[in-house]
Structure formats: structure tokens, C-alpha cells
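The values are calculated or read from the model by the stated rules, or taken from the named source; none is laboratory data. Computed from a predicted structure; not experimentally measured. With ideal geometry, Cβ positions are generated from the backbone for all residues, glycine too; neighbour counts draw on all protein chains shown. These area figures cover heavy atoms from the full protein model, side chains too; ligands, DNA and RNA do not enter into them. Shrake-Rupley method; radii C 1.70, N 1.55, O 1.52, S 1.80 Å.
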Protein chains: 2
Amino acid sequence: MKNLKGNAMVGQSGGPTSVINATLAGVYEAAISSEHIETVYGLVHGIEGLLKDDFVDMSIGLETKEDIDILASTPSAYLGSCRFKLPKLDEKTDVYEKIFEKFSKNNIKYFFYIGGNDSMDTVYKLSAYADKIGYEINIMGVPKTIDNDLAMTDHTPGFGSAAKYIATATREINRDATVYAPPCLTIIEVMGRNAGWLTAATALARNEHCKAPDLIYLPEITFDVDKFIEDVKKALQKRSTVIVAVSEGVKLADGRYVCEAGLNTETDAFGHKRLTGTGLTLGNIARERLGIKTRHIEFSLLQRCAAHCASATDVSESRMIGARAVENAIEGETGKMVYFVRKSNSPYEISIESIDIGKIANVEQTIPREWINEEGNDVNKEVIDYIFPLIQGEARVFMKDGLPVHAVLPIKRD
Amino acid sequence: MKNLKGNAMVGQSGGPTSVINATLAGVYEAAISSEHIETVYGLVHGIEGLLKDDFVDMSIGLETKEDIDILASTPSAYLGSCRFKLPKLDEKTDVYEKIFEKFSKNNIKYFFYIGGNDSMDTVYKLSAYADKIGYEINIMGVPKTIDNDLAMTDHTPGFGSAAKYIATATREINRDATVYAPPCLTIIEVMGRNAGWLTAATALARNEHCKAPDLIYLPEITFDVDKFIEDVKKALQKRSTVIVAVSEGVKLADGRYVCEAGLNTETDAFGHKRLTGTGLTLGNIARERLGIKTRHIEFSLLQRCAAHCASATDVSESRMIGARAVENAIEGETGKMVYFVRKSNSPYEISIESIDIGKIANVEQTIPREWINEEGNDVNKEVIDYIFPLIQGEARVFMKDGLPVHAVLPIKRD
């Protein structure tokens, strides 16, 4: 619907990243500078906030250019997030009725949702419902996820900063791990249930002075414990310090996660298993079978919130893609997701396009088999060439008293 | 012994820090610019390298001012480290004979050892032995440890950078942890077996926008599981996200470490006993007793090697104290450790002094009881005022291709 006039609403959903607020800043800046949009409302805790009438005029607290720049450098979701899943369109319509009643009451003509696969599902359903009832609104999805597992887009906003942190930390850990002479195995556990992009990013740490990681295990490849032990043994013949990067999501041939071994696993609202302890499990096995010192490191939340080490490329692209979603919506697009197309690796060049959300939702993009070495214990050069441009540049961090300053929603009490 | 002329030797020992190489850079720069010192040898893996004749001319690889600056910004020990303990002086003298034979053969007149409590023990024994046999050499100890548990010195080089990383990460984790609405307990496990300085540094994260950590448990205070659960319950009444900082070294009244206590006996499906950490153990207890979502984060090695987030104050002081050790040795001092005296908190002012090593070795400096709150679950303002100046300023990081560049000893093969 071209040239709609009214208010806009923006929400954030799914797991945090270092740059999801850069996208929010991009949406906000483009929206307030458009003559088609009057007020920009921020949904507190995503679609849940809408259902509870918990949304705020975003201009409060974002008065100056610097306020918006600080927002863009703040990790995690400024507006809060949720993992709310809308029912099927033909199943229960009362939630949809409620949502559109609120849209209508607040004259919402633009809706932007920043999130991963599950959030794009929300965008798809809301735009389909709007279409069905003939409500005039332009709804756009903006991708984000550190996992880089969204289909269609060349890469996801958030991945580059996570990759930069992971590669930086891997290189620093290599310096630490090589400090003593006796043999030692260090296992680095990286996030990623089904896609190994983040684990693959450890390979960026390598240079003439850094051999780490010696081995890389991705969820794309079936994990074999005996093969792993053999690999480590071989690597220990080459140097006394061996550093292994392993994805939390590696699975055995019988389909069980390595970390499931005897642990109580919980599932989240989407039925995803909560994974921890792959590195711990493998460290215990290696210690017993090889009789060497082992230790494991989980990057844990830091890989998705270490904004102090964010990629300038990622921050800038995330802001741009947020702004583009607004521009496209004003041009009349709806039910679409904006995404990156890579024009070339070197010099690195991208464009931002948009696609019907129905074509992309709920498909996971994993690492192509040919980008992984034949043995299945390392990545090929293609992965490094692909990730390399995404970690370039150091994002600006606003410092005060020796620590980063963050933007916090005025109404939030944390 | 004043005005000795000859060669110098320098070694690094004990656990790595982000700035132990800044001290090495300070030692090296002062030594090569002195007319009393000809060649500066670096011991590979500390005193172990000396016993194996494994030492290098440090000028190789450190040709330019920038080489030395990159060294000063490289985490962990450039020369490698060891945990070698010299025998008692009156017990076995053959090791000492061997060491001094090598000193004599290489015309070593100055010896600098950068390390923690155990390393100062080495300095003490070597200087006492030199005195006993009448070998002319000036031996100086330079402190380092992230734990800040060395007695005498106001603080240790390395602590400020670890504290800055810990406070930064705590603040970022707070942003991440507050993203969802449902109640959640996040437990941050920080290094420190007996001294709680690093765990206390999480308190620096607090500002008007960051309430984390809600609770702080130090090894200085006996840990009571029931009290901990009560504390968390109370904190959950104030906000739905509760973040607890706990030292890995907290102990129960019976003297056992919390991480040893009962809950770590499960075995995984591979039949291996699971070693669990303090944070994991407490998370499991809280989940069971309070029925809430919990997660734990271990800063692990990153807290001692995250040079990408080092304190400029710490780097500069570490370099200065290394240089001062050399100056004092040239002035004739031996058997001493250089250390910091704090003149004032605000404006922050220190001086560097030296003291007989026998007076300081093997005494641990913990947090004074009056700097901890009465309940024993938080720190008082004194701790924050004490740590605050040590985390100020962002150290220069040499970046290439989006990642930090490190100095690596030319002969090292990692």
C-alpha cells in the first residue's frame, strides 16, 4: 500500500545480538524523518507488549543524535524481547483480532519486526491476516541472529560482531593456552544448534602466529567420539597445546546431541532443547582416554552481547538495513523481509533487497558441505573468505569511567 | 651491588595476565637503554628454560619501537611460563649450583622475574643463594597476578585489566539477561580461590542503568546455601532478572569448596564423572529449589587474557614497574620486589617502592572484612573506590584485518 500515513510500531524478538539495537536505531531514524510517519512506538517485549498494551513513544530518551548513536552501540534488545509464537491463521483468530484492534486504535500503518526465523513467522502471519481482513498496513521483517542461519540473506545482522568476538577471544585464548610447556587440550564451545557459522568463525583467528583452532567440529557433520580422540592425538603430535572449537549442537550418529549424554535437557517455548555442556563432556572424555590436562571454555552469552568488541561493518550494515525496511515500507512494500545480497568478496560489496516473507520463513541455512574439509574436522578457505569482510572495523563504543555506556529504555527498571 | 656490568636475564612465571608482557616490555626497554647491561636474555618457560638452556636474545623480534608496543599489548606470557618451585635452600643445592653455573657462563649480572607469590619465592631463594656463595648479581621480582592477592603492593599489575573485562562483561550480560520478561537467575562465576578481588570487580558494572550484580559472594565469607537461596528469593521480589556474581573459591562452613560439594557426582552417558563448577552447582540448586530458569556463565580464561579490553592505567603502570625494577637493580638493589603505594584515590596517584622479598613472599592479601557488607552478600563502597582508578582508560590494541595482532616469540612454534 503506497503512501500510507499514520504511526509506526517496531518490536524486537528472539535472542539478543550485539547489534539488534543498531537496526532499531536505523528503523527509528528513518521513521521519524519520514513525513508519512508521525509517532514511532516501541513494543516492550515484542508482540507480547502489544497484547498487553505495553509500548512506548520511542522519542522519549532518544532526543539527540548521540542518544541514537549510543542506542546503536548498546547490546541486547533495548525494547526487550519475547519468544511468543502466533497461532496458525486458521486456528485461532482472537489473538489476531486483538492485535489489529490495537493497530487500528493507535492508527498503526507501519509495523517493523526485528528478529530471526521465528520472528519472520510472526511477520508472515500478521501480513497475511492484514491482507485477509483488508487492514491497510505495511509490515516488514528485519533479520537478525548471531547464528547466521536465516535463508535467503547473504548473512544476518549480528553474525559479524559475534564472529569478531569469537575470533578475537580464540586468538587470545591461544596465547594463554600456549604459555605452559606440558600437553594440554583446550575445548572452546561455541553457540549454534544446527548451523556451524559461529564455530567456523574461530578459523578467522588463525595467522602466522596463531595455529588455533587445531580442529573444528560443526553440527553439519555427524560427530564421532572415537574419531575426535584420534584427531586430538594426531594434533598433539604437532604441538603440545591443542585447541578445539566445537559447536554446542554437534550430534552423534544416533541423532542425540553430544551434550545430551545423561543430562536433563529442558526445552524452550519453541520446543528447542537448551544446550550446554558439549565442551565439558568432550573434555572429560579426552582427559580419561588420553590422560592429558583438558579444560573447556564456553563463550556463553558474551558471544551475543560483547558489544565492546563489535564489528563496525556489522553495526553499520545493521543500521542501514533497518532504515531500508522503513524506506521500502513507505514505498508500499509489505509482508517482506529485507536482506543482504553479496556482490563481491573483494572488494566487499553488498546490496539490500527484499523478498516475500512466505518464501523465507523457517528454513535454516547451514554451511555447505563443500565449505567443510573432507575429514569433517575443519573448514575450507571459502568460509574464511566469506566471514572475513563481516568482522572488519572496530565499532564505536561510548565509554564513561572506564566502562561502556548503554542506552536503557526509560521505563525499564533494570 | 652498585654498578654491576654484564648481561641481564628476564623470565615470566605463574598464570598469564593481559599485561604481563607490558611489564616485560618495560624491563626490556629499560635494560637495553642502560649502559650497564649488554644483552637481555629471555627465559623460555621461566626458570625451567634456564635449567634447559632455553633462553633467547630478546632483541630478536623486538627491533622497532612498534614491536615493543605490540609486545606490551599482547596477552599472556611472551616468553612462556612455568610453575616450577625451587627446593628449600638447605635441602638440595644441585639445582642452585646448576643455575648459577649458567649465570656465570653467560655473564648474567641482572635477573628479573615477573610473577606472583610463587615467583617471589624463587626471587627470594635465588638472591639468598647468591648472597651465600658471594655471586655478584642483582635480582629483582616484579609482581603480576589478576587475583590481586599479593601482600604489600597496593594492587598487582594485571588486576586492573581483569577487573575492567569483568565489569564490562557483567554490564553487557545485564543487558542480555534483562531482555525477556520471565524470572531468571544468572550466575556469573569469577576466578579467585581465596581472594575475592576479581568477583568484587563485578560491582563496578553498576550504574543508574545497571543493577547487576544483585548479589556478590566472595571466598572471604563462608558460603551458606540456604542463605543464598533466601537472598535470591528476596532479590527476585525486586526485579525479575537476578544476576549473582560468585567466586569460584567460595567454601562451605565445613571447609569444602561449593563446587566439590555433593552435586558433582553424576556421570555422563559415556560413563565419565562430571566435574562441575561453582556456578553450575549453584544454578542447579536454585533451579530445583526456586523452580526458575537459571543459567551460569564462567568468564574462564578470558578474564586473564582479554587484552582487547585492557585498562590503559594497568598497561602503563605495568610497563612502568618493569622499568623501575631495572633502574633499581642498576642502582644496586637485589632480593627485592617493586610494588605500588597508593598516595590518593582521587585524584589517583601512586608511587613505586621496593621491599625485601623475604618480607612479602607467600602471604595472601584478601578483602578486608569491613569492605564487605554485614550480611556477607555484597561489597561496600570502599572496594569500588579502590578498584575504580585501576580500570580507567582503554589500552591501545593493534588491529589488523579486524583482529588484534600479538607479538610472538620468533622461536615459538604456536
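Is at least one residue of the range A:54-74 farther than 18 Å from A:A30 by Cα and either away from every other protein chain (no Cβ under 14 Å) or of a type in the set (F, W, Y) (or both)? Yes: the range A:54-74 contains one or more residues that are farther than 18 Å from A:A30 by Cα and either away from every other protein chain (no Cβ under 14 Å) or of a type in the set (F, W, Y) (or both). For B:R295, the conditions (1) open to solvent by 30 Å² or more (accessible area, probe 1.4 Å); (2) closer than 30 Å to A:F398 by Cβ; (3) assigned to a helix (DSSP H, G or I) are fulfilled apart from (3).
Going through B:I133, B:I70 one at a time, which residue ends up being touching a residue at least 24 places away in the same chain (Cβ under 8 Å) and open to solvent by 60 Å² or more (accessible area, probe 1.4 Å)?
Details: B:I70 fails: open to solvent by 60 Å² or more (accessible area, probe 1.4 Å).
Sole residue among the options that is touching a residue at least 24 places away in the same chain (Cβ under 8 Å) and open to solvent by 60 Å² or more (accessible area, probe 1.4 Å): B:I133.
Restricting attention to the range A:387-408, the residues being at the interface with chain B (Cβ under 7 Å from one of its Cβ atoms), outside any loop (DSSP other than H, G, I, E, B) and farther than 19 Å from A:K164 by Cα number 2.
If you check A:V379 against the conditions, is it farther than 25 Å from A:L79 by Cα, in contact (Cβ under 8 Å) with a residue 60 or more places away in the chain and within 18 Å of the chain's Cα centre (by Cα)? So A:V379 does not fit the description; no.
A:G26 - would you say it is assigned to a strand (DSSP E or B) and open to solvent by less than 10 Å² (accessible area, probe 1.4 Å)?
When the stated conditions are applied, A:G26 does not pass them.
Quick check: is even one residue across the range B:348-364 within 14 Å of chain A (Cβ to nearest Cβ), farther than 30 Å from B:A245 by Cα, open to solvent by less than 40 Å² (accessible area, probe 1.4 Å) and not polar (S, T, N, Q)? There is no residue in the range B:348-364 that is within 14 Å of chain A (Cβ to nearest Cβ), farther than 30 Å from B:A245 by Cα, open to solvent by less than 40 Å² (accessible area, probe 1.4 Å) and not polar (S, T, N, Q). If the condition is being surrounded by 15 or more Cβ atoms within 10 Å (Cβ to Cβ), among the hydroxyl-bearing types (S, T, Y) and assigned to a helix (DSSP H, G or I), then the range A:91-119 contributes A:Y96, A:S119. Any residue at all in the range A:344-361 that's more than 25 Å from A:L71 (Cβ to Cβ), in contact with a strand residue (DSSP E or B) (Cβ under 8 Å, 6 or more places away or on another chain) and at pLDDT below 90? For the range A:344-361, residues more than 25 Å from A:L71 (Cβ to Cβ), in contact with a strand residue (DSSP E or B) (Cβ under 8 Å, 6 or more places away or on another chain) and at pLDDT below 90: present. For beta carbons closer than 9 Å, sequence separation of 6+ or different chains, a first residue in the range A:389-404 that is under 20 Å from B:M399 (Cα atoms) and a second that is assigned to a helix (DSSP H, G or I) and open to solvent by 40 Å² or more (accessible area, probe 1.4 Å), the qualifying pairs are A:G393/A:S316; A:A395/A:S316; A:F398/A:E66.
So, in the range B:29-47, of the ones that are open to solvent by 50 Å² or more (accessible area, probe 1.4 Å) and of a type outside the set (G, A, S), which residue ends up nearest to B:G141 (Cα to Cα)? Looking at residues that are open to solvent by 50 Å² or more (accessible area, probe 1.4 Å) and of a type outside the set (G, A, S), I get B:E29. From the set of residues in the range A:194-207 that are open to solvent by 10 Å² or more (accessible area, probe 1.4 Å) and of a type outside the set (A, V, I, L, M, F, W, C), which is farthest from the other protein chains (Cβ to nearest Cβ)? Applying the filter and picking the extreme gives A:N194. Residues that are under 23 Å from the mean Cα position of the chain (by Cα) and farther than 23 Å from A:L301 by Cβ do occur in the range A:5-14, at least one of them. Residues that are surrounded by fewer than 24 Cβ atoms within 10 Å (Cβ to Cβ) and touching a Lys or Arg at 6+ places or on another chain (Cβ under 8 Å) were ranked within the range B:159-182; the one that is nearest to the other protein chains (Cβ to nearest Cβ) is B:Y180.
Could you list all residues from the range B:77-110 that are among the charged types (D, E, K, R), away from chain A (no Cβ under 14 Å) and closer than 30 Å to B:H406 by Cβ?
Within the range B:77-110, B:K85, B:K102 qualify.
A quick yes/no check of all residues on (1) over 17 Å from the mean Cα position of the chain (by Cα); (2) over 20 Å from B:I146 (Cα atoms); (3) open to solvent by less than 50 Å² (accessible area, probe 1.4 Å); (4) within 14 Å of chain A (Cβ to nearest Cβ):
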| site | (1), (2), (3), (4) |
| --- | --- |
| B:C184 | yes, yes, yes, yes |
| B:G192 | no, no, yes, no |
| B:H209 | yes, yes, no, yes |
| B:D214 | yes, yes, yes, yes |
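Scan the range B:65-80 and tell me whether some residue there is over 14 Å from B:I20 (Cα atoms) and in a loop (DSSP other than H, G, I, E, B). Checked against the condition, which is being over 14 Å from B:I20 (Cα atoms) and in a loop (DSSP other than H, G, I, E, B), the range B:65-80 yields no hits at all. The residue list A:I321, A:I384, A:I367 contains one member that is under 17 Å from the mean Cα position of the chain (by Cα) and in a helix (DSSP H, G or I), which is A:I321.
Taken over the range B:36-60, the criterion of being assigned to a loop (DSSP other than H, G, I, E, B) and at positive phi is satisfied by B:H45, B:D53. Of all residues in the range B:373-384, none are of a type in the set (A, V, I, L, M, F, W, C), open to solvent by less than 70 Å² (accessible area, probe 1.4 Å) and in contact with an Asp or Glu (Cβ under 7 Å, 6 or more places away or on another chain).
Quick check on the range B:140-153. Is at least one of its residues of a type in the set (A, V, I, L, M), surrounded by 24 or more Cβ atoms within 10 Å (Cβ to Cβ), more than 24 Å from B:R324 (Cβ to Cβ) and within 14 Å of another protein chain (Cβ to nearest Cβ)? Checking the range B:140-153: not a single residue is of a type in the set (A, V, I, L, M), surrounded by 24 or more Cβ atoms within 10 Å (Cβ to Cβ), more than 24 Å from B:R324 (Cβ to Cβ) and within 14 Å of another protein chain (Cβ to nearest Cβ).
Looking only at residues in the range A:288-320 that are among the hydroxyl-bearing types (S, T, Y) and away from every other protein chain (no Cβ under 13 Å), which one is farthest from A:N148 (Cα to Cα)?
A:S316
Considering A:N345, A:N328, the condition of being polar (S, T, N, Q) and open to solvent by 60 Å² or more (accessible area, probe 1.4 Å) is satisfied by A:N345 alone.
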